[in-house]
């Protein structure tokens, strides 16, 4: 065996091992989401649900589980058009009052949260249901 073939032969297992480690570590990162990194960063208070009639339940959801709503993307694309940080931002003013998508997402999140789901699972469910709306 020539010296070039011998080096290639010895180097191949190292490359295979490195590729396997990189593949496994990247799979693990994509499967496990840290709830803290999901947060959009909204810090303002939501409006009181008492100010609303039909939409009160959605504003109550924002009041009750702000950390969950702050981890959700709002599929009305208000992030692009109004610089919203997350679904929670829709509830710091009257934006959600006029948006069926915001209301439906918040009510879905509240329902799933009441069934014991965590923010990561709720986000996956909301993304699955609404992602087709993203422009």
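Only the coordinates and a few stated rules stand behind these numbers; no lab work does. All of these numbers come straight from a predicted model, not from anything done at the bench. Every residue, glycine among them, receives a Cβ derived from its backbone with ideal geometry; neighbour counts consider all protein chains shown.
According to a simple spin-label model (label point 7 Å from Cα along Cα-to-Cβ), what is the distance in nm between residue 107 and residue 64?
1.3
Averaging over all projection directions, find the projected area of the Cα convex hull of segment 80-135 and quote it in nm² with one decimal place.
Mean shadow area of the hull around the Cα atoms is 4.1 nm².
Using Cβ counts within 10 Å as a stand-in for footprinting exposure, how do 64, 127 rank, fewest first?
Taking fewest neighbouring Cβ atoms as first place, the list is 127, 64.
Kindly put 99, 74 in sequence by how many other C-beta atoms sit within 10 Å of each C-beta, fewest to most.
99, 74
As a footprinting exposure proxy, order 110, 80 by other Cβ within 10 Å, with the fewest listed first.
Details: 110 20, 80 11.
Fewest-to-most Cβ neighbours within 10 Å comes out as 80, 110.
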